[in-house]
Amino acid sequence: MTDRRITVLIVDDDTMAANGLTALLGAAPDLEVIGRCSDGDEVAVAVAMHRPDVILCDVRMPRMDGVAVVRAFRGTGPVFLMMTAFDEDGRVLDAVAAGAAGFMLKDEDPHRILDAVRQVAAGDAAFSPRAAKQLASWVRSSRAADAKRDATAKMALLTDREREFALAVMDGASDADLAQRFFVAETTVKSTLSGIRTKWGVRTRTELAVVVARSGA
C-alpha cells in the first residue's frame, strides 16, 4: 500500500475548463496535477517530462483532438479519461475504440469526476451515466445474433444479486454509487464485480458493460 498521490496531466484548450479541473483535482489530497496542455500536439513533450498516471483529456481540440491523442499513446503507460461538453456525437465510441479507460461529461458532479480519475488510475473503467447509455445504445444496435446469444448465456450464469450489480454498471454507477444503492461496503462491490468478470472471462468494467448491453437485459 502506498500514499503516493495519483499524478494527472490535463489536456484542454478551454482555459476556464482547465482551470476548474486543476482547482478540483488540486483540492483532493490523493491527486496531483503535474502539468497542463492546451492541445493534443503538446502531449508528447508533457508525458516525457512528467510521466503522469492519468491524462484527463478533452475530446475536441483544434489541432490534434483527444481521440487521436489516445490512439498515439495507447499502451505506452498513462491511462486516459476523456472529457467533453457534448454527449450526442458518438465520440464515446471513438474514445473507447482508441483505448480510453473512461469518458466523463464536463457537467458531471465534481465528486464523480474525482472518483473517475481514481478508478481509471486503479485499472478500472469509468463512464458518466449519459456516456454509458450512449455506449449501450451503440452496442445494442450493432450486436450480431451470435454475440447476443453469448451475452444472454453469460447473464444466465449470474446470481440475482450479481445481475443487479451488472445492470447497475450500465447506468454508469461508480463503486461508491453501487455501495450506496445496495447498502453494502465498497469492498463488497469490488468483490462482486470481480466475481462477475471472472465468470464471464472479461477483464474490465467496459467489457462487462458491453456484455450486458449485448444481452438486451
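Below are the figures for this structure:
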read-out	value
With Cα atoms, 0 to 90° folded angle of helix 160-169 axis to the chain main axis	30
Rounded if a/c under 1.5, otherwise prolate or oblate - the stretch 6-135, Cα gyration tensor axes	rounded
Student exercise, the chain dipole from Lys, Arg, Asp, Glu Cβ charges, in Debye to nearest 20	920
Selected from MET170, ALA156, THR192, residue furthest toward positive end of dipole (the stretch 144-215; charges at beta carbon)	ALA156
Gain on full stretching of the segment that runs from ASP13 to ARG163 - 0.36 nm per residue minus C-alpha separation	49.9 nm
Likely footprinting exposure, MET49, MET61, fewest C-beta neighbours within 10 Å first	MET49, MET61
Residue order, fewest to most surrounding Cβ atoms within 10 angstrom, among LYS148, LYS154	LYS148, LYS154
The stretch 144-215 shape via C-alpha gyration tensor axes, a/c threshold 1.5	prolate
Contact order normalised by residue count of the chain, Cα under 8 Å, 6+ apart, percent	15
Over 24 Å (Cα to Cα) - which of LYS106/LYS133; LYS133/LYS154; LYS154/LYS190; LYS148/LYS199; LYS148/LYS190 fall in this group	LYS148/LYS190
Computed FRET value (nearest 0.05) for THR152 with SER194, which takes r as the C-beta separation and R₀ as 25 Å	0.70
Phi-based couplings in Hz for the stretch 112-118 (Karplus 6.51, -1.76, 1.60; Gly and Pro marked x)	5, 5, 4, 5, 5, 4, 5
Net lengthening on full extension, ARG203/ILE34 (0.36 nm per residue, minus Cα-Cα)	57.9 nm
Cβ-based exposure ranking for VAL169, VAL202, in which fewest neighbours within 10 Å come first	VAL202, VAL169
Cα gyration tensor category, rounded, prolate or oblate, for the chain with a/c compared to 1.5	prolate
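Only the coordinates and a few stated rules stand behind these numbers; no lab work does. No experiment lies behind these values; they were computed from the predicted model shown. Cβ atoms come from the backbone with ideal geometry, glycine included; neighbour counts cover every protein chain shown.
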